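Enquirer: Submitted below is the structure of interest, expressed as structure tokens.
We did not get these values from a lab; they are worked out from the coordinates using the rules stated. If you're wondering where the values come from, they're calculated on a predicted model, not measured in any experiment. Ideal geometry is used to build each Cβ from the backbone, glycine not excepted, and the neighbour counts take in all protein chains shown.
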Amino acid sequence: MFTGLIREIGSVTNYQNNILTIRSKHQAKLGDSIAVNGVCLTVIKVRPDGFDLELSDETRSIIDESKISGSIHIEPAMQMNDRFEGHVVQGHVDATGTVLKIISRENATDYLIGIDPKFITYIVPKGSITIDGVSLTVNDVYEDSFRLTIIPHTLKETLIGTYKVGTKVNIETDMFARYIDHILSHKKTRKNSLSWDEIDNIQMSY
């Protein structure tokens, strides 16, 4: 599990045969889970100046190749004794989006992100979303896009300040919105599904 708070800007030094080599100050250990631009990957080799990660076919089918090159966001998996900030992030990218507009405000910058309309259900106004591994708050939601307002500190400490119109981004929607939609959609097709009252009764019996 992750929080969506970027710990470091690393760099990709090589990508070949599904193996991603990262230059980083983070002292990773073999088997560690690390989010790279929001994608949860496993460390398969430790190097003096970084580590290697392996990408599955499923991961490669979802993300854009631009997300595994150049500078990248790095967040090690959350430890049990860590302070919980940001929001609950799994590192499971749902889709890629595209920066449609960038509008400078007095003390912030608006980013309009386009996405396949089928994912809009999981994007909630004033709810949380992860963009390239960064925990952000959604301001407005439209039929096939949503608006984010990014403060100067976030622009300075992440790569978002370098994004331009047309930049591709990894998107992880709200985990709880996905779970609720899945439960409700399957409840309609399964006659033996428990009702919410039955679930409440079970919980109260413990």
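Enquirer: Quick check, is Glu75 more than 30 Å from His153 (Cα to Cα) and under 19 Å from the mean Cα position of the chain (by Cα)? First the steps, then the outcome.
Expert: Values: more than 30 Å from His153 (Cα to Cα): no; under 19 Å from the mean Cα position of the chain (by Cα): yes.
No; evaluated as a whole, the condition is false for this residue.
Enquirer: Of everything in the stretch 22-39 that's among the charged types (D, E, K, R) and assigned to a loop (DSSP other than H, G, I, E, B), which residue is surrounded by the most Cβ atoms within 10 Å (Cβ to Cβ)?
Expert: If we take residues in the stretch 22-39 being among the charged types (D, E, K, R) and assigned to a loop (DSSP other than H, G, I, E, B), then Asp32 is surrounded by the most Cβ atoms within 10 Å (Cβ to Cβ).
Enquirer: Scan the stretch 30-67 for residues that are touching a strand residue (DSSP E or B) at 6+ places or on another chain (Cβ under 7 Å) and of a type outside the set (A, V, I, L, M, F, W, C) and report the count.
Expert: Residues flagged as touching a strand residue (DSSP E or B) at 6+ places or on another chain (Cβ under 7 Å) and of a type outside the set (A, V, I, L, M, F, W, C) within the stretch 30-67 amount to 15.
Enquirer: Okay, moving on. Every residue in the stretch 53-81 that is surrounded by 19 or more Cβ atoms within 10 Å (Cβ to Cβ) and in contact with a Lys or Arg (Cβ under 9 Å, 6 or more places away or on another chain), please.
Expert: Leu53, Ile63, Lys67, Ile68, His73, Ile74, Glu75, Pro76
Enquirer: Another question, if that's okay. Going by the structure shown, is Ile102 under 29 Å from Tyr122 (Cβ atoms) and surrounded by fewer than 20 Cβ atoms within 10 Å (Cβ to Cβ)?
Expert: Considered against the rule, which asks whether it is under 29 Å from Tyr122 (Cβ atoms) and surrounded by fewer than 20 Cβ atoms within 10 Å (Cβ to Cβ), Ile102 comes out as yes.
Enquirer: So which residues in the stretch 42-51 are buried (at least 19 other Cβ atoms within 10 Å of the Cβ) and closer than 11 Å to Ser24 by Cα?
Expert: First, the residues of the stretch 42-51 that are buried (at least 19 other Cβ atoms within 10 Å of the Cβ): 43, 50-51.
Hits for the stretch 42-51 are Gly50, Phe51.
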